[in-house]
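Everything below concerns the one structure shown next.
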Amino acid sequence: MKQRIFVLDDEWDMTYLTKTLLNLKGFEVAYSNQPKEALKILKNTTFDLLFVDLMMPSISGFEIISAIRRNKIHDNMPIIVLSAKRLSDLERKEVLKYNARFLRKPISPSRLFETVEDVLKNG
């Protein structure tokens, strides 16, 4: 069975690129550009991995992750945080608090695949 990944990024081009690359590697990918829509989907649907953009207009990536972690079905779902900005020390601690990984945009396909493989294998 294909591993399922959810991508949440308000930038359509980033969502499309990530989705396309992951599809080429054989993953089943669901996606959204709308944080509130994503929360509805994630409320009752499980995935093997979540990509979430940190900076979105209506809800921050940290708010999304916090809401997801409160849902018991997502306690152990690996999360990769994406952002074009350099994280402050406080933001780095926040990423670690949620047991997530961080990738800085832009991301090379090889770095994306290496990180996905490692996260799915080792959590």
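Summing Lys, Arg as +1 and Asp, Glu as -1, what charge do residues with Cβ under 14 Å from the Cβ of LEU21 carry, LEU21 excluded? Once positives and negatives cancel, what remains is -1. In summary, the aspartates and glutamates within cross-link reach of LYS97, defined as a Cα separation below 17 angstrom excluding same-chain residues under 8 places away, comprise ASP53, GLU63, ASP75, ASP89.
Projecting the Cα atoms of SER108, SER88, GLY123 onto the charge dipole of the chain (Cβ charges, centred on the Cα centre) puts GLY123 farthest toward the positive pole. Both numbers refer to the Cα atoms of the range 1-53; Rg and Dmax are 10.4, 29 Å. Taking 20 Å as the limit for the C-alpha separation, the pairs LYS2/LYS25; LYS19/LYS72; LYS25/LYS93 exceed it in the case of LYS19/LYS72; LYS25/LYS93. Estimated purely from DSSP H runs of n ≥ 4, each contributing -39500 (n - 2.57), the mean residue ellipticity at 222 nm for the chain is -14000 deg cm²/dmol once divided by its residues. With all pairs of different C-alpha atoms in the average, the Kirkwood value for the hydrodynamic radius of the range 4-122 is 14.2 Å. Among the trypsin sites (Lys or Arg not before Pro) within the range 44-123, those in coil by DSSP and having at most 13 neighbouring Cβ atoms inside 10 Å are LYS85, ARG86. A viscosity of 1.306 mPa s and a temperature of 10 °C, combined with the Kirkwood radius over Cα pairs in Stokes-Einstein, give a translational diffusion coefficient for the range 36-102 of 131 µm²/s.
Compute the signed sum of charges (Lys and Arg +1, Asp and Glu -1) over the other residues within less than 12 Å, Cβ to Cβ, of LEU112. The answer is +3.
Stretching the chain fully between SER60 and LEU24 yields a gain of 10.1 nm (0.36 nm per residue, less the alpha carbon separation).
Where a number appears in this text, it was derived from the coordinates with a stated rule and is not lab data. All values derive from a computational prediction rather than experimental measurement. Cβ sites come from the backbone with ideal geometry, for glycine too, and all protein chains shown count toward neighbours.
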